[in-house]
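A.B. asks: Take this structure first; my questions come after.
The values are calculated or read from the model by the stated rules, or taken from the named source; none is laboratory data. Note that the structure is predicted; figures quoted are calculated from it, not measured. Glycine also receives a Cβ, built like all others from the backbone with ideal geometry; neighbour counts cover every protein chain displayed.
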Amino acid sequence: MKGANNKKFIPNLSYDCVIFGFNGEKLKILILEYHNTGLFALPGGYIKKEESLQEAVNKGVEERTGLKDVFLDQFQTFGKLNRTDPDATRSILQAKNKDLNEKQWMMERFITVGHYALINYENVNPKPDNLSDSIAWYDIKNVPQLMMDHNEIVDKALEVLRNNISEKLIGMNLLPAKFTMKQLQQVFEAILDETLRRTSFQRKMLSMDILERHEKLFEGKAHKAPYLYSFK
């Protein structure tokens with residue numbers, strides 16, 4: 001029977017994760033590359049029958065980034081009739097000399113649950129999975145053509161992130177524990193892809209009562225030293 005060799009995972013269900021990172025200037029995402037096939041994809045995976053969806057996603061993100069307790073948001077399920085590409089999957093498996101009969105279940109139709117993660121770019125040493133050859137950061141404005149519907153997943157994740165930027169307190173995972181108002185503004189500007197007025201942004205952030213002010217950051221002239229903040 002087709003798929004009979006798949007005894008470990010829930011049939012026809014997967015997850016894909018848009019892992020956002022911020023390097024101080026630009027918003028980037030992690031993308032896997034399969035060198036022998038020329039294919040690119042989002043980090044993702046399958047859900048074991050004895051684990052929850054959240055456990056599977058948490059484990060997958062930790063394996064690719066080395067980070068635990070990452071902010072994750074489940075934002076949409078993708079299930080178009082033609083979203084699965086069995087030929088691409090077959091090429092990847094053949095490039096890794098995998099038994100196609102044993103992995104036949106991976107070429108069936110899959111419904112995937114989209115998640116996005118928010119992490120500090122500086123803290124990550126990306127690691128590919130056992131099928132991909134490499135994993136790297138790509139500027140959000142220069143995402144390559146991804147396999148299946150992964151570009152659509154990226155676009156939707158970015159839309160959701162932008163619409164919920166204040167409510168999700170995105171800076172918690174993209175910034176150090178203490179940060180300046182300028183650093184916080186840079187995160188917002190990178191995600192929204194627009195320039196914000198400094199005074200208006202600072203006034204809005206302080207009015208939301210989500211920041212705690214700390215000592216000043218003395219790097220140059222004392223009277224120009226900015227305050228450090230953290231999220232309450």
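A.B. asks: Does Glu62 satisfy the condition of being surrounded by 13 or more Cβ atoms within 10 Å (Cβ to Cβ), modelled with pLDDT under 95 and more than 17 Å from Gln145 (Cα to Cα)?
C.D. replies: So Glu62 passes the test.
A.B. asks: Among the residues of region 65-81, are any farther than 27 Å from Leu118 by Cα, more than 15 Å from the chain's Cα centre (by Cα) and not in a strand (DSSP E or B)?
C.D. replies: yes
A.B. asks: Follow-up. Inspect all residues belonging to region 65-83 and state whether any of them is in contact with a His (Cβ under 6 Å, 6 or more places away or on another chain), surrounded by fewer than 18 Cβ atoms within 10 Å (Cβ to Cβ), farther than 19 Å from Tyr138 by Cα and of a type outside the set (A, V, I, L, M).
C.D. replies: The answer is yes, given that some residue of region 65-83 is in contact with a His (Cβ under 6 Å, 6 or more places away or on another chain), surrounded by fewer than 18 Cβ atoms within 10 Å (Cβ to Cβ), farther than 19 Å from Tyr138 by Cα and of a type outside the set (A, V, I, L, M).
A.B. asks: Working carefully through the options Lys8, Lys28, find the one that is surrounded by fewer than 20 Cβ atoms within 10 Å (Cβ to Cβ) and in contact with a strand residue (DSSP E or B) (Cβ under 9 Å, 6 or more places away or on another chain).
C.D. replies: Residue meeting the stated conditions: Lys8.
Conditions (1) exposed (fewer than 14 other Cβ atoms within 10 Å of the Cβ); (2) modelled with pLDDT of 95 or more; (3) part of a strand (DSSP E or B); (4) within 22 Å of the chain's Cα centre (by Cα), marked per residue:
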residue	(1), (2), (3), (4)
Tyr15	no, yes, yes, yes
Arg90	no, no, no, no
Asn97	yes, no, no, no
Glu102	yes, no, no, no
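A.B. asks: Which number in (1) in contact (Cβ under 8 Å) with a residue 40 or more places away in the chain; (2) surrounded by 15 or more Cβ atoms within 10 Å (Cβ to Cβ) marks the one condition that Glu108 misses?
C.D. replies: Status for Glu108: all satisfied but (2).
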